Amino acid sequence: MNKKKLVVLTGAGISAESGLKTFRDSDGLWEGYNVEDVATATAWRRNPALVQEFYNARRKNVAEAQPNKAHYILAQLQDDFDVQIITQNIDDLHERGGSKNILHLHGEIFKMRSEKNEMLIYAVHNDIKMGDKAEDGAQLRPHIVWFEEPVPLMEEAAKRVLNADIFMIVGTSLVVYPAAGLVNYAPPYLPKFIIDKKIPYTSGISNLTVIEKPATEGMEEVVPLLKKLMD
Ligand code: APR
């Protein structure tokens with residue numbers, strides 16, 4: 001049987017109930033920092049030690065967090081659908097929840113790379129220190145896509161959305177581009193679902209079912225609706 005392609009765009013909201021802070025739910029600060037001071041290419045040039053320290057702390061947070069019911073339900077949906085996740089999250093909770101097909105649009109916290117060569121990528125589970133070098137002799141940095149940097153997997157993500165049979169959005173404010181623009185690749189006739197504790201601005205998306213609930217509850221609610229579309 002050919003399973004239908006269920007393409008899911010996720011953001012920080014799906015990991016919120018695992019105890020990981022979202023970016024925009026607390027006064028524009030992320031873990032007490034301005035995004036411009038820690039998550040931009042300029043910040044890295046200006047104060048790499050601070051950026052390194054910030055992401056070392058994030059790595060510890062993620063290592064201590066566990067997947068929640070929303071991650072697990074998404075993984076269970078693989079029995080019935082060809083589930084393709086596009087996540088803006090740098091955590092590995094989709095992987096640990098059992099999902100197999102995941103595109104990390106904004107990088108991964110458990111990877112690091114040469115600051116000079118984005119192809120030189122390594123696994124990392126502890127801190128990255130200033131002075132730690134890649135094999136090309138360049139400083140190692142988190143494998144994260146910062147503001148002011150291109151998003152290398154964007155084209156692949158857009159293709160997934162274009163070819164989807166069903167498109168679902170979970171826990172993203174849809175304000176950060178180009179990721180937020182992925183919604184526009186979903187053909188108008190395509191069945192679409194959005195789950196968010198506080199639904200973001202989505203005007204102009206046709207065929208959209210809105211579930212304004214925390215991700216864990218919303219995912220439970222969406223499963224029977226998705227199964228109706230299985231054929
Ligand atoms: N369940 C569902 N949704 C939730 C929950 C929850 N328990 N808690 C919060 N949310 C929703 C918020 O209502 C909001 O719409 O999750 C969304 C979080 O939005 P952001 O904090 O902006 O996170 P995200 O959309 O993932 O940010 C995108 O911005 O800083 C960059 O690169 C970073 O990938 C990130 C990108």
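The values are calculated or read from the model by the stated rules, or taken from the named source; none is laboratory data. Please read all numbers here as calculations on a predicted model, not as lab measurements. Glycine also receives a Cβ, built like all others from the backbone with ideal geometry; neighbour counts cover every protein chain displayed. With ligands, DNA and RNA removed, areas are computed over all heavy atoms of the protein, side chains included. Shrake-Rupley method; radii C 1.70, N 1.55, O 1.52, S 1.80 Å.
Mind checking the dipole of the chain: about its Cα centre, +1 per Lys or Arg Cβ, -1 per Asp or Glu Cβ, Debye to the nearest 20?
Using only the charged Cβ atoms, the result is roughly 220 debye.
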Over region 47-100, volume per residue of the alpha carbon convex hull, in Å³: 75
Heavy-atom surface of region 101-144, accessible at 1.4 Å and reported per residue (Å²): 52
Please list 3J(HN,Hα) in residue order for region 50-55, calculated via the Karplus relation 6.51 cos²θ - 1.76 cosθ + 1.60 where θ = phi - 60°; whole Hz, with x for glycine and proline. 5, 4, 4, 4, 4, 6
Restricting region 163-205 to trypsin sites (Lys or Arg not before Pro) in coil, as DSSP defines it, with at most 11 other Cβ within 10 Å: LYS198
Which lysines have a Cα less than 23 Å from the Cα of LYS197, not counting those fewer than 8 places away in the same chain? LYS21, LYS69, LYS213, LYS227
Convex hull over the Cα atoms of region 1-45, averaged projected area in nm²? 5.4
Whole-Hz Karplus couplings 3J(HN,Hα) for region 170-187, θ = phi - 60° and coefficients 6.51, -1.76, 1.60, Gly and Pro as x, run 10, x, 9, 6, 6, 10, 9, 9, x, 3, 4, x, 4, 3, 6, 7, 6, x
Using +1 at the Cβ of each Lys and Arg and -1 at the Cβ of each Asp and Glu in the chain, identify which of ALA41, ALA63, ILE86 lies farthest towards the dipole's positive end. ILE86
Roughly how large, in nm² to one decimal, is the mean projection of the convex hull of the alpha-carbon atoms in region 119-231? 9.8
How high is the relative contact order of region 4-227, in percent, counting Cα pairs under 8 Å that sit 6 or more residues apart? 23
Check HIS143: other-chain or 5+ apart residues with amide H under 5 Å from its amide H, H built from backbone geometry? GLU108, LYS111, MET112, ARG113
May I ask you to give the percent of accessible area on the chain that is carbon plus sulfur, with a probe radius of 1.4 Å? 50
Taking GluC sites (Glu not before Pro) as exposed when DSSP calls them loop (any state but H, G, I, E, B) and at most 15 other Cβ atoms lie within 10 Å, what is the longest stretch of the chain free of them, the sites themselves excluded? 32-117
Across 10 Å bins beginning at 0, the whole-percent shares of Cα-Cα pair distances in region 74-119 come to 26, 46, 22, 7, 0
For MET168, list long-range residues whose amide hydrogen, built 1.01 Å from N in the peptide plane, is under 5 Å from its own amide hydrogen. VAL7, VAL8, LEU9, PHE193
Computed over the Cα atoms of region 4-227, what is the convex hull's projected area averaged over all directions, in nm²? 11.6
